[in-house]
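Here is the structure we will look at.
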Amino acid sequence: MLRIPTWLVVLVGLLFNISAALITHFIIEGKTNQLNSLSMQMKNNDKEISLLWVQVEGIERKRETLYLLKNQGELDEVIALQFSRLLALHLQENIPLADIQLVDKKIDSYQANIRNEIDNKFFLNLELVELEMLLQSEVARLRSWSLFLQMIGLSLILARDLSRQRAV
């Protein structure tokens, strides 16, 4: 029967334990940091989506207000100027309030652009969720390997004690 020196068995056990510690410390921690970063990015995207919806709803309220003002008759010049400036802040251009169809077109275009941005952020979040799931499975697999290496390492280190008991 082949006789392996006890110190070699213990050394291999220590190497397995050190390997497990290195896997845990460097690789798993790195992947965990990536997961945290992904999570923060998804939360930021969710906040931005919420803010973008507020913009869509806000410009729609302005359109409704304009309809109500127009429905009451001719707009006062001061009110028309202020409202025109308010719309220009959102639409990035001055639009004559007399041409309600043009105002509607510009508002619709503005809202469509925001909705496209919302869609892009939503689909980006879906991709990030898939990446997060992949990273989580990698972390779980690495933890299992690390635990396996630790158990083998400890078993080999304990083999030293067992070999002493057989010798006695």
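The values are calculated or read from the model by the stated rules, or taken from the named source; none is laboratory data. Worth saying up front: this structure is predicted, and the values here are computed from it rather than measured. Don't worry about glycine lacking a Cβ; one is built from the backbone with ideal geometry, like all the others, and counts go over all protein chains shown.
Select, from 81, 22, 97, the only residue that is of a type in the set (A, V, I, L, M, F, W, C) and touching a residue at least 24 places away in the same chain (Cβ under 8 Å).
Matching residue, one of 81, 22, 97: 97.
Of the conditions (1) of a type outside the set (D, E, K, R); (2) part of a helix (DSSP H, G or I); (3) under 30 Å from residue 161 (Cβ atoms); (4) at pLDDT below 90, residue 18 fails just one. Which one is it?
Residue 18 satisfies all of (1) of a type outside the set (D, E, K, R); (2) part of a helix (DSSP H, G or I); (3) under 30 Å from residue 161 (Cβ atoms); (4) at pLDDT below 90 except (4).
For residue 61, indicate whether it is free of Cβ contacts under 8 Å to residues at least 40 places away in the same chain, surrounded by fewer than 16 Cβ atoms within 10 Å (Cβ to Cβ), assigned to a helix (DSSP H, G or I) and not aliphatic (A, V, I, L, M).
Here the answer is yes, as residue 61 does meet what is asked.
Could you say whether any residue in segment 25-37 is within 30 Å of residue 97 (Cα to Cα), crowded, with 16+ Cβ neighbours inside 10 Å and among the hydrophobic types (A, V, I, L, M, F, W, C)?
Scanning segment 25-37 turns up no residue that is within 30 Å of residue 97 (Cα to Cα), crowded, with 16+ Cβ neighbours inside 10 Å and among the hydrophobic types (A, V, I, L, M, F, W, C).
Give the number of residues within segment 48-100 that are of a type in the set (S, T, N, Q) and more than 31 Å from the chain's Cα centre (by Cα).
6
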